[in-house]
Amino acid sequence: MNAPVVDVPRDRAKAPVLVLGLGNDILTDDAVGLRVVESLHATLAGEGAIELRTTTEMGLALLDEVAGRENLVLVDAVQTGRVPAGSILELDAADLGGPLATGPHFLGVGETLALGELLGLEMPRRVGIVAVEVADPYTLGTDLTPAVQAALGPAAERVAAIATGWAR
Amino acid sequence: MDEATQQAFNAGSLRANAAYQSAKRNVTIDPITRLEGHGKIDIYLDDKGDVERAYLQVPELRGFEVFCRGRPAEDMPQITSRICGVCPTAHHMAATKTLDALYQVEPTPAGRKIRELVYHTFMLEDHALHVFVLGGPDFIVGPEAPPELRNIVGVIQKVGLDAGKRVIGMRRQLRELIAYFGGKVVHPVLGLPGGVSKSLKPADLPRFQALAREGIEFARWTLEIFHSVVLANPDYVKLITSDAFTHRTCYLGMVDADNRLNFYDGQLRVVDCDGREVCRFAPHQYRDYIAEHVEPWSYMKFTFLKQRGWHGFVEGPETSIYSVAPLARLNVADGMATPRAQAAYEEYFQVLGGRPVHHTLANHWARVVEMVYAAERIDQLVNDPDITNPEVRRIPTAVPAQGIGVVEAPRGTLFHHYETDERGVIRMANLIVATGNNAARIAMSVEKAAKNLIKGGEVREGLLNKVEMAFRAYDPCLGCATHALPGHTPLKVRIFDRERRLVRELSQG
């Protein structure tokens with residue numbers, strides 16, 4: 001019989017899987033991460049291990065959101081300019097670059113996670129990122145452009161698949 | 001020269017100019033790559049491989065006025081705080097003050113002081129974030145340090161883990177204070193015309209007073225770190241005062257009746273490159289003093305001093321270009337309204353050779369001086385008997401027409417201007433954001449740094465960081481709205497040869 005796995009203590013009150021939508025709700029396609037997560041409330045209503053949240057903040061504020069979670073699924077807008085709008089990209093934290101991979105002076109997702117580790121906070125063991133390629137994240141507006149609107153359903157399915165997989 | 005030759009000469013000259021201009025205009029603005037950055041710097045080399053021009057390009061925020069038109073003016077503190085994930089409180093406060101002006105109502109003393117308390121808390125928190133996380137790596141870790149260390153993790157390795165925890169802990173507490181009054185930091189619901197929506201309960205006061213004392217200690221400690229790490233290093237001081245990072249421009253900032261710095265309210269003062277007052281005006285007069293210039297290569301509008309006229313990106317006694325933000329605010333202020341900040345202000349000018357200081361990188365030091373002021377002001381406010389007065393709002397009764405409101409945001413002067421119908425429905429909304437006020441000087445700084453750092457086609461290692469340092473000192477908010485994946489103002493630098501061919505591309509990330 002294997003010895004019991006020594007676990008890092010986690011905040012028991014927090015659901016082990018956090019699905020976090022990022023974006024700006026009044027900047028056209030920039031809201032896609034928020035909209036995907038909002039659309040999941042009905043689908044994932046019965047999943048006690050999954051918490052759905054959205055935030056319009058960035059940088060260090062992410063630390064407050066993700067600390068104490070075992071698993072994190074980020075949903076965000078992305079603009080690579082290399083794939084058509086509405087394309088769904090799946091990344092992991094390494095794709096965003098931790099502090100050792102880049103020399104940034106901004107605080108990115110990878111860097112935020114590394115900072116949390118350094119400060120002794122409980123950072124997620126698994127991080128998945130579902131990003132939707134957007135057409136227009138610069139115009140004030142509350143409607144998604146058509147291609148991005150069409151990606152809402154498929155993106156939500158991907159997020160739900162990852163989150164429920166990790167919740168098991 | 002005979003007439004035919006003259007004509008041929010002129011025609012040739014016109015063609016050459018047109019070709020040159022069209023080459024300039026061919027500076028295309030590509031889709032900005034979110035994963036790699038929000039902005040880019042295009043550098044054009046001449047025959048010798050020296051820098052002919054360098055352009056900083058950023059995406060624009062579009063459709064603001066259209067979005068606002070037809071909405072109730074009371075929505076503006078919420079709408080404008082949502083357009084920017086970086087400085088929501090600054091927009092919220094500028095919008096709230098604009099509503100005061102629109103409805104011609106003065107907030108009650110408690111209402112005003114609660115606004116000031118929240119605002120100075122925001123300034124302290126935001127400045128601390130810049131000092132330690134965004135700008136700090138340049139100095140605390142060092143401009144020549146390996147890239148993998150020039151970040152917050154490197155900062156913590158240098159100042160110690162406990163110090164890192166202190167920064168993060170202080171920030172959390174300051175944000176809790178903001179949230180006490182406004183709910184979510186990012187979408188504050190606090191400001192109303194004539195006051196605020198929530199009073200400070202006397203029972204909660206002691207913890208805010210304790211936080212204020214801690215805030216002062218935190219700001220003083222930050223100043224000590226700046227001393228021991230930055231000012232004690234002759235190389236850093238040399239870099240701060242070097243020509244590559246210096247511009248003799250005018251400066252704009254808000255001052256009180258005694259010409260002391262004020263973040264929340266007062267008159268706007270402009271000094272020239274010798275520190276002489278050029279003008280002093282009330283916020284509602286801004287259109288008489290500030291105009292905007294457009295360049296074909298940029299989405300940014302470049303503000304300048306209207307009465308001097310646009311003379312291009314030039315510095316010196318005649319320039320109409322001004323700067324805002326910490327460096328500018330200290331330059332326009334005759335002093336600080338609190339004792340420790342005053343001492344820090346005096347030392348700053350003594351070490352840097354008197355007022356005004358033209359060194360862009362001195363923004364970092366000026367920011368720490370402002371942290372001391374913000375902390376002391378918080379302490380004054382939580383010990384002011386008015387602060388727990390439940391009368392936090394005066395109900396407006398006037399018919400609205402036009403309002404203009406200004407605050408000093410962390411990144412500089414922020415103007416809001418709305419016109420409404422008699423029901424308070426927005427007809428016109430205009431913003432001049434801090435980075436707009438700084439745009440011309442930022443463009444000059446980027447170009448000057450590039451010209452000083454690239455010679456004979458040789459692009460030295462570390463160039464990207466040095467050029468970025470030229471604008472990072474301003475703490476610019478380039479994609480004024482985007483929350484950003486992965487984060488904050490990363491840049492791409494592209495270098496083109498004489499034939500406008502891309503010869504090198506550098507990026508972080």
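The values are calculated or read from the model by the stated rules, or taken from the named source; none is laboratory data. A quick note: this is a predicted structure, and the numbers were derived from the prediction, not measured. Cβ atoms come from the backbone with ideal geometry, glycine included; neighbour counts cover every protein chain shown.
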Scan region B:27-56 residue by residue and report those that are modelled with pLDDT of 75 or more and not in a loop (DSSP other than H, G, I, E, B). B:I41, B:D42, B:I43, B:Y44, B:L45, B:V51, B:E52, B:R53, B:A54, B:Y55, B:L56
Restricting attention to region A:117-137, which residues are within 12 Å of another protein chain (Cβ to nearest Cβ), buried (at least 23 other Cβ atoms within 10 Å of the Cβ) and either in a loop (DSSP other than H, G, I, E, B) or small (G, A, S) (or both)? A:A131, A:V134, A:P137
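Okay, residues lined up against (1) in contact with a helix residue (DSSP H, G or I) (Cβ under 6 Å, 6 or more places away or on another chain); (2) more than 14 Å from every other protein chain (Cβ to nearest Cβ); (3) touching a residue at least 60 places away in the same chain (Cβ under 8 Å):
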{"position": "B:F181", "(1), (2), (3)": "yes, yes, yes"}
{"position": "B:K184", "(1), (2), (3)": "no, no, no"}
{"position": "B:P202", "(1), (2), (3)": "yes, yes, yes"}
{"position": "B:A210", "(1), (2), (3)": "no, yes, no"}
{"position": "B:R213", "(1), (2), (3)": "no, yes, yes"}
{"position": "B:I240", "(1), (2), (3)": "yes, yes, yes"}
{"position": "B:R260", "(1), (2), (3)": "no, yes, yes"}
Out of (1) more than 26 Å from B:E176 (Cβ to Cβ); (2) more than 14 Å from every other protein chain (Cβ to nearest Cβ); (3) not in a loop (DSSP other than H, G, I, E, B), the one B:A94 does not meet is (1)
Note on B:L491: of the conditions (1) within 28 Å of A:G33 (Cβ to Cβ); (2) at pLDDT 75 or above, unmet is (2)
Find the strands (runs of 3 or more DSSP E) located wholly in region B:390-481 whose residues include 3 or more that are in contact with a His (Cβ under 9 Å, 6 or more places away or on another chain) and of a type outside the set (A, V, I, L, M), and list them. B:402-409
Could you tell me which of the residues B:R280, B:R355, B:R329, B:R269 is more than 24 Å from B:F471 (Cα to Cα) and either of a type outside the set (A, V, I, L, M, F, W, C) or touching a residue at least 12 places away in the same chain (Cβ under 8 Å) (or both)? B:R280
Among the small types (G, A, S), away from chain B (no Cβ under 14 Å) and assigned to a helix (DSSP H, G or I), is that true of A:A31? no
Out of curiosity, is B:E461 out of contact with any strand residue (DSSP E or B) (no Cβ under 8 Å at 6 or more places or on another chain) and at pLDDT below 80? yes
